[in-house]
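Note sheet for the following structure.
The values are calculated or read from the model by the stated rules, or taken from the named source; none is laboratory data. What you are looking at is a predicted structure, and each value in this text was computed from that prediction instead of being measured. Virtual Cβ from ideal backbone geometry, glycine too; neighbours counted across all protein chains shown. These accessible areas exclude ligands, DNA and RNA; they are computed on the full protein's heavy atoms, side chains included. Shrake-Rupley method; radii C 1.70, N 1.55, O 1.52, S 1.80 Å.
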Amino acid sequence: MRVSRIAIATGVAASTILLIAGPAAAHVSVQPQGEAAKGGYATLNFKVPNERDQASTVKLEVNFPADHPLSSVTPEAVPGWKIDITKGKLDKPLEVHGKKITEAVSKVTWTADGSKIAPGYFQQFPVSVGQLPEDADQLVFKAIQTYDNKEVVRWIEEPTAGGEEPDSPAPVLKLSAASEDHHGGGAAATAGEDDHKADDKAASAEGDKKETHAASSSSSDTTARTLGIIGILIGVAGVAFGVLAGRRRNA
């Protein structure tokens, strides 16, 4: 009997732990497609799971970090969802490619428009962003999830210093070390440069070939002209010799 009570108590405790850990394990998160390098550009996927059995997700708001504003934020169209982009003035303008940026995207909102995230499903919302900061190791995107029963879940708690995950963690993007080519096109650029050099070599070889052919043609023309002149002179000499021979016979 005592063993049964202990087993029941243990089962209840385990269930409580699962109930507490469950929501934290299935929260709104962000992951890059490939890598998100410092100073570069990346495509991010905001993954939104539906945690309710009797309600569907109909709205997602993602707030972009104000301490590290991004000059370029372009969401990908998602069928069945309407996208609203909110911009704000920057306290300190950004300089990107020689241009000053005075405002940046502060929030992107996806609202169900013929679609929704039903219980047991999740949805990804892709966004192309850049230029990622060079002086940060991570970016925190605070998100707000709304269900069709009017329930609102705020995923806005930042990670603690000890590394423990809070109850309602905000999506965190880890940044990798900066690459030589911030646009991720280093190999392509090198290949393009090699192709350009190869084209130059081919053009140079073709030019040399044309010059050689031209010189050969010029030499052939000169030889032909010389032989022609010699032939004319021989012909004239022959005619003169014939005339003189005729006069001698007559004499």
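With respect to the conditions (1) open to solvent by less than 40 Å² (accessible area, probe 1.4 Å); (2) free of Cβ contacts under 8 Å to residues at least 60 places away in the same chain; (3) within 24 Å of the chain's Cα centre (by Cα), Pro32 falls short on a single one, namely (2). Does the range 58-75 contain any residue that is touching a Pro at 6+ places or on another chain (Cβ under 8 Å), within 19 Å of Arg154 (Cβ to Cβ) and surrounded by 15 or more Cβ atoms within 10 Å (Cβ to Cβ)? Among the residues of the range 58-75, at least one is touching a Pro at 6+ places or on another chain (Cβ under 8 Å), within 19 Å of Arg154 (Cβ to Cβ) and surrounded by 15 or more Cβ atoms within 10 Å (Cβ to Cβ), which makes the answer yes.
Of the residues that make up the range 105-123, is at least one open to solvent by 80 Å² or more (accessible area, probe 1.4 Å), closer than 24 Å to Glu35 by Cα, over 20 Å from the mean Cα position of the chain (by Cα) and in contact (Cβ under 8 Å) with a residue 24 or more places away in the chain? Checked against the condition, which is being open to solvent by 80 Å² or more (accessible area, probe 1.4 Å), closer than 24 Å to Glu35 by Cα, over 20 Å from the mean Cα position of the chain (by Cα) and in contact (Cβ under 8 Å) with a residue 24 or more places away in the chain, the range 105-123 yields at least one hit. The set of residues in the range 110-139 being among the aliphatic types (A, V, I, L, M) and in contact with a Lys or Arg (Cβ under 9 Å, 6 or more places away or on another chain) consists of Ala112, Leu132, Ala136, Leu139.
Suppose we keep only residues that are in contact (Cβ under 8 Å) with a residue 60 or more places away in the chain and of a type outside the set (A, V, I, L, M, F, W, C) within the range 68-93. Which one would you say is nearest to Val30 (Cα to Cα)? Per the criteria, the residue is His68. Would you mind stating whether Leu173 is out of contact with any Lys or Arg (no Cβ under 9 Å at 6 or more places or on another chain), outside any loop (DSSP other than H, G, I, E, B), in contact (Cβ under 8 Å) with a residue 40 or more places away in the chain and open to solvent by less than 80 Å² (accessible area, probe 1.4 Å)? Considered against the rule, which asks whether it is out of contact with any Lys or Arg (no Cβ under 9 Å at 6 or more places or on another chain), outside any loop (DSSP other than H, G, I, E, B), in contact (Cβ under 8 Å) with a residue 40 or more places away in the chain and open to solvent by less than 80 Å² (accessible area, probe 1.4 Å), Leu173 comes out as yes. Answer yes or no: is there a residue in the range 146-153 that is touching a helix residue (DSSP H, G or I) at 6+ places or on another chain (Cβ under 9 Å), in contact (Cβ under 8 Å) with a residue 40 or more places away in the chain and surrounded by 12 or more Cβ atoms within 10 Å (Cβ to Cβ). The answer is yes, given that some residue of the range 146-153 is touching a helix residue (DSSP H, G or I) at 6+ places or on another chain (Cβ under 9 Å), in contact (Cβ under 8 Å) with a residue 40 or more places away in the chain and surrounded by 12 or more Cβ atoms within 10 Å (Cβ to Cβ).
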